[in-house]
Amino acid sequence: PSPELDAPWLGSAYIAASEPLAIVVDRWDADSTMLLTYAGVPKDYEDTASYALLVYRAFDGWNAEIHVQNLTQEQEAEPTFVTVDFFDQSGDEIMFVGDWVCPNGTFTLLSSYVGAVEIQSHEQVDYPGEPSGDPIASVISLINSESGAALSYNAFTPRQIAGVTTFALPLVSKQ
């Protein structure tokens, strides 16, 4: 049986079991009209960077939310510094934002442009620099408030995109 939460809730969760699990997360939007679904990641997840290839802000009704979770479980651990680099449609970096994320905590950012993002975890505020912080998992939610369409997907890890030249995301439409 699955537990039910009594109140609207958005945040991170750590789930433990004595058997291997496949975790799928369903999230309804604030109006309970759009269902966003993505996959949970295992405890031994080690990626400190991820990539989202398509994010929107106020483009034909579409907007994007970028959710980043620090996967470290040790309560005594220091927060990790997460940066989100924004790239325009030509691949040029146009800006970045950063914030500290506590162990097992989340950071949510609304995208402010159309393009792609690179998300990295750093041990300290060492941007630009190689990712050296805690493992992170990132989820992108694309929501069209005009049509009611929505799409949510896990951001891609460096291992997933190594050598890949083409990506396809499904077309989502209401009904």
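Observations on the model:
- As a summary of the residue check, GLU146 satisfies the conditions (1) part of a strand (DSSP E or B); (2) within 22 Å of TRP28 (Cα to Cα); (3) open to solvent by 40 Å² or more (accessible area, probe 1.4 Å); (4) in contact (Cβ under 8 Å) with a residue 24 or more places away in the chain except for the one numbered (1).
- Residues satisfying the stated conditions in the range 52-77, i.e. in a loop (DSSP other than H, G, I, E, B), within 26 Å of GLY40 (Cβ to Cβ) and touching a residue at least 40 places away in the same chain (Cβ under 8 Å): TYR56, LEU71, THR72, GLN73, ALA77
- Residue list for the range 44-62, filter: within 22 Å of SER90 (Cβ to Cβ) and under 15 Å from the mean Cα position of the chain (by Cα): ALA49, SER50, TYR51, ALA52, LEU53, LEU54, VAL55, TYR56
- For PHE107, the criteria (1) at pLDDT below 80; (2) surrounded by 13 or more Cβ atoms within 10 Å (Cβ to Cβ) hold in every case but one, which is (1).
- TYR56 passes every criterion in (1) in contact with a Phe, Trp or Tyr (Cβ under 9 Å, 6 or more places away or on another chain); (2) among the hydroxyl-bearing types (Ser, Thr, Tyr); (3) modelled with pLDDT of 80 or more apart from (3).
- Note on the range 55-79: among residues that are buried (at least 17 other Cβ atoms within 10 Å of the Cβ) and among the hydrophobic types (A, V, I, L, M, F, W, C), the one that is farthest from VAL139 (Cα to Cα) is TRP62.
- Restricting attention to the range 14-41, the residues that are of a type outside the set (Val, Ile, Thr), modelled with pLDDT of 70 or more and part of a loop (DSSP other than H, G, I, E, B) total 10.
- Scanning the range 78-115 for residues that are part of a loop (DSSP other than H, G, I, E, B), touching a Phe, Trp or Tyr at 6+ places or on another chain (Cβ under 7 Å) and among the hydrophobic types (A, V, I, L, M, F, W, C) turns up just one, VAL114.
- Extreme residue, least open to solvent (accessible area, probe 1.4 Å), among residues of the range 85-99 that are in contact with a strand residue (DSSP E or B) (Cβ under 7 Å, 6 or more places away or on another chain) and over 17 Å from ALA49 (Cβ atoms): ASP88
- Screening the candidates SER121, SER152, SER141 for the property of being open to solvent by less than 20 Å² (accessible area, probe 1.4 Å), modelled with pLDDT of 90 or more and not aliphatic (A, V, I, L, M) yields one hit, SER121.
The values are calculated or read from the model by the stated rules, or taken from the named source; none is laboratory data. The structure displayed is predicted, hence computed values, not measured ones. No Cβ is skipped: glycine too gets one built from the backbone with ideal geometry, and neighbour counts run over all protein chains shown. Please note that ligands, DNA and RNA were not included when accessible areas were found on the heavy atoms of the full protein model with its side chains. Shrake-Rupley method; radii C 1.70, N 1.55, O 1.52, S 1.80 Å.
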